[in-house]
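For reference, the structure is listed below as structure tokens.
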Amino acid sequence: MYAQMVQSTGKGVKSSEDMTPEERAFQARIDAGEKIEPKDWMPPAYRKNLIRQIGQHAHSEIVGQLPEGNWITRAPTLERKAILLAKVQDEAGHGLYLYCAAETLGVSRDDLTEMLLDGRMKYSSIFNYPTLNWSDIGAVGWLVDGAAIINQVPLQRTSFGPYARAMVRVCKEESFHARQGFDAIRKMADGTPAQKRMAQDSLNRLWFPALMMFGPPDKDSPHSAQSMAWKIKMNTNDELRQKFVDQTVPQIEFLGLDLPDSGIQWNEEHGHYDYTDPDWSEFFDVLKGNGPCNVDRLAARNKAWDDGKWVRDGLMAHAKKKAAAKVAAE
Amino acid sequence: MSTPLKRDEAFLQFLLRMGDNTLILGHRVSEWCGHAPVLEEDIALANTALDLIGQTQFWLGLAGEVQGEGKSADDIAFLRDVWDFRNLLLVEVPNGDFGHTLMRQFLFDAWHSIQLGRLLKSSDARVAAIAEKTAKEVAYHLERSADTVVGLGDGSEESRRRMQEALDYLWPYVGEMFQSDDVDAAMVAAGIAPDPASLRDEYDALISRVLAGATLTIPDSRFGHKGGRTGKMHTEHLGHLLTQMQWLQRAYPGANW
């Protein structure tokens, strides 16, 4: 998802006997459904894990501006341009309040940014894929934001208060984006043969990367037990992925597009759609930096940061002058 | 002077001037998306671009109505070539660095806010209604661009140098905002819009105050490039902007998006 492969302790869940009294009391609060607030005591690993998860989520929102921003200047109508601008602005806003949530844990936004820029922190693998035709903008809203919602709706109940509250707002806006994305791709699917071809191309290209957003299969994801015990991860990767497939296949059929995977089939016995797993070696390649756009995305973010240094420094210098003038006047 | 323009033809030209300014500047500002110096600026730039595109829909929508050929705002935005655009040269110049972008925004916002203030009293109710809707947005644009110009002008040595360079580069594009022609004469006669030249004193007072706060020096020269608002001679930059903006509409004619 927006935070993939965040390993918690790397060990199993501590049993109650192995916990310190503080840890036991902490776990009891979580089990009772209480929210943990920034000034409350928390195990260092819980704090560290959350910083990585929220930070990665925030970075995904920021880097996610790039594939969508790629089409703002080429949007085909004024209305589509306005919708896309509003959406990208929302994503930047999500980044902002996620960074604020992370800051309550004692890390600064600038530190997190530096870690993104030098590759120490990751962002969602999906944003390392390119947007190649206009229909991709619809598909990103429909599939990528759709997948994000499936992951983030349960996170509204996550144990850390600021993160849970940020998710409430994020989810509202993401639902809106997903509906707009579906509307955009629907126009394409119902349009001229060329438009329909664009829509099919987007779906075929983005389907498996969207499935990868939920992270590796549960059998290869042994570190999530502690995160689930702490309620910073609410469902397993495979549960969420299945939910996404079950929700999306009927929508593909409604659009009149061909299924992007010949393995998709309704399984009467399980009451779910079967589907083909993504190529997990591709997923791990993307995480290692070898996706189609990794280098360009990071280069773009680094350039923005480096080119903007004089602006940040200039505004800081001005703020200091104003503060000094105020002191002098008092 | 040639035969006075028919009122509707002049009105159409006036509306294109308003709508093309917001369209082209909105496009330029939107090029920043995801590349701003700090997250708050990414949000603010996207918000400004969004406002400007929304305003374009009003102005060009009304232009289509006045023209009476059944054209939508999209038809007008996406299916005209360079010589039919009526925006100021100022708004089509490339973004340059962040300082250039914000200085251009400030120089435009100052004019835009004064212009909309006058249009509130337009004899045409539709124009007055658009001015009413957009003036609040533009007041905010001006507040923000002025604050940023002051912050960067009166900031570090480097930021001051860059802002002065931006002002020096953009200054020759300011004069065009106050040039009057027979379109303007017809608008004044009809009570639809003010004479552009009549905005200059208020404009000069406004920008002098802000630029003094920014410790920047307004160039002495009053020379002004022209040709954008009349369509007689745009810069080379506009054609490139349009190839990007209009590509899908041109490549796939007749499609609904």
* Could you point to the residue in B:99, B:19, B:50 farthest towards the positive end of the range B:1-155's charge dipole, with +1 and -1 charges on the Cβ of Lys/Arg and Asp/Glu respectively? => B:19
* Label the range A:23-135 by shape, choosing from rounded, prolate and oblate, from the square roots a ≥ b ≥ c of the eigenvalues of the Cα gyration tensor; if a/c is under 1.5 it is rounded, and otherwise prolate applies when a/b is larger than b/c, oblate when it is not. => prolate
* **1.4 Å probe, heavy atoms, protein only - residues of the range A:292-310 losing at least 50 Å² accessible area vs chain alone** => A:310
* Return the long-range amide H neighbours of residue A:215 (sequence gap of 5 or more, or a different chain), with a cut-off of under 5 Å between placed amide H atoms. => none
* Partner lysines for residue B:121 [C-alpha distance under 21 Å; skip if fewer than 8 residues away on the same chain] -> B:133, B:136
* To do: Using only alpha carbon pairs under 8 Å that are at least six residues apart, calculate the relative contact order of the range B:1-95 and give it in whole percent.
  => 40 percent
* Structure fact -> Here the relative contact order (percent) of chain A, from C-alpha pairs under 8 Å and at least 6 apart, is 21 percent
* If you plug each phi of the range A:88-104 into the Karplus form 6.51 cos²θ - 1.76 cosθ + 1.60 with θ = phi - 60°, what whole-Hz ³J(HN,Hα) values come out, in order, with x for Gly and Pro? -> 5, 5, 4, 4, 4, x, 4, x, 4, 7, 5, 4, 4, 4, 5, 4, 5
* Give me the Kirkwood hydrodynamic radius of chain A, using the inverse of the mean 1/r over all pairs of distinct Cα atoms, in Å to one decimal. => 21.3 Å
* **Sorted peptide list for B:216-225, A:287-296, B:93-102, criterion being average Cβ within 10 angstrom, highest first** => B:93-102, A:287-296, B:216-225
* To do: May I ask for log10 I(q)/I(0) of the range B:46-174 at q = 0.10, 0.20 Å⁻¹, from a Debye sum over the Cα atoms as equal point scatterers with solvent left out?
  => -0.38, -1.21
* Calculate I(q)/I(0) for the protein assembly as shown by the Debye formula, one identical point scatterer on each C-alpha and no solvent, and give its log10 at q = 0.10, 0.12 Å⁻¹ to two decimals. => -0.93, -1.19
* Placing +1 at every Lys and Arg Cβ and -1 at every Asp and Glu Cβ, with all other atoms neutral, what dipole size does chain A have around its Cα centre, in debye to the nearest 20? -> 1380 debye
* In 5 Å bins starting at 0, how do the alpha-carbon pair distances of the range A:249-324 split up by percent? -> 3, 11, 10, 10, 9, 10, 10, 8, 7, 7, 6, 5, 3, 1, 0
* Using +1 on the beta carbon of Lys and Arg, -1 on that of Asp and Glu, and nothing else charged, what's the dipole of the range A:137-228 about the Cα centre, debye to 20? -> 180 debye
* Determine by what factor the alpha-carbon radius of gyration of the range A:128-287 differs from 2.2 N^0.38 Å, reporting the quotient. => 1.08
* **Given A:196/B:71; A:39/A:288; A:39/A:231; A:87/A:233, the pairs whose alpha carbons are separated by over 28 Å** => A:39/A:288
* For chain A, what does -39500 (n - 2.57) per DSSP helix run (n ≥ 4), summed and divided by total residues, give at 222 nm, in deg cm²/dmol to the nearest 500? -> -20000 deg cm²/dmol
* Which of the lysines could a cross-linker span from residue A:326 if the Cα-Cα distance has to be under 27 Å and same-chain partners fewer than 8 positions apart are dropped? -> A:309
* Tell me the Kirkwood hydrodynamic radius of chain B in angstroms, computed as one over the mean inverse distance between distinct C-alpha pairs. => 18.7 Å
* Pull out the extension gain between residue A:316 and residue A:220, defined as 0.36 nm times the separation in residues minus the alpha carbon to alpha carbon distance; nm, one decimal. => 29.9 nm
* In degrees from 0 to 90, rounded to the nearest 10, what is the angle of the helix B:157-170 Cα long axis to the longest principal axis of chain B? -> 30 degrees
* To do: Using only the Cα atoms of the range B:166-223, construct the convex hull and provide its projected area averaged over every direction, in square nanometres to one decimal.
  => 4.4 nm²
* To do: State in Å² the accessible area per residue of chain B; use a 1.4 Å probe, count heavy atoms of protein chains only, and round to the nearest integer.
  => 40 Å²
* Once amide H atoms are built 1.01 Å from N in the peptide plane, which residues 5 or more positions from residue A:160, or in another chain, come under 5 Å H to H? -> A:36
* Dipole magnitude of the range A:1-126, debye to nearest 20 (Cβ charges: Lys/Arg +1, Asp/Glu -1, about Cα centre) -> 320 debye
* **Accessible area of residue B:80 in the full protein assembly, 1.4 Å probe (Å², nearest 10)** => 30 Å²
* To do: Pull up the cross-link candidates among the aspartates and glutamates for residue A:219, meaning alpha carbon to alpha carbon under 17 Å and not fewer than 8 places away within one chain.
  => A:238, A:239, A:277, A:279
* Structure fact -> To the nearest 0.05, the calculated FRET efficiency linking residue A:246 and residue A:303 through their beta-carbon distance, R0 being 60 Å, is 0.90
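The values are calculated or read from the model by the stated rules, or taken from the named source; none is laboratory data. Computed from a predicted structure; not experimentally measured. Using ideal geometry, Cβ is built from the backbone for each residue, glycine included, and neighbour counts are taken over all protein chains shown. Surface areas here come from the heavy atoms of the whole protein model, side chains and all, with no ligands, DNA or RNA. Shrake-Rupley method; radii C 1.70, N 1.55, O 1.52, S 1.80 Å.
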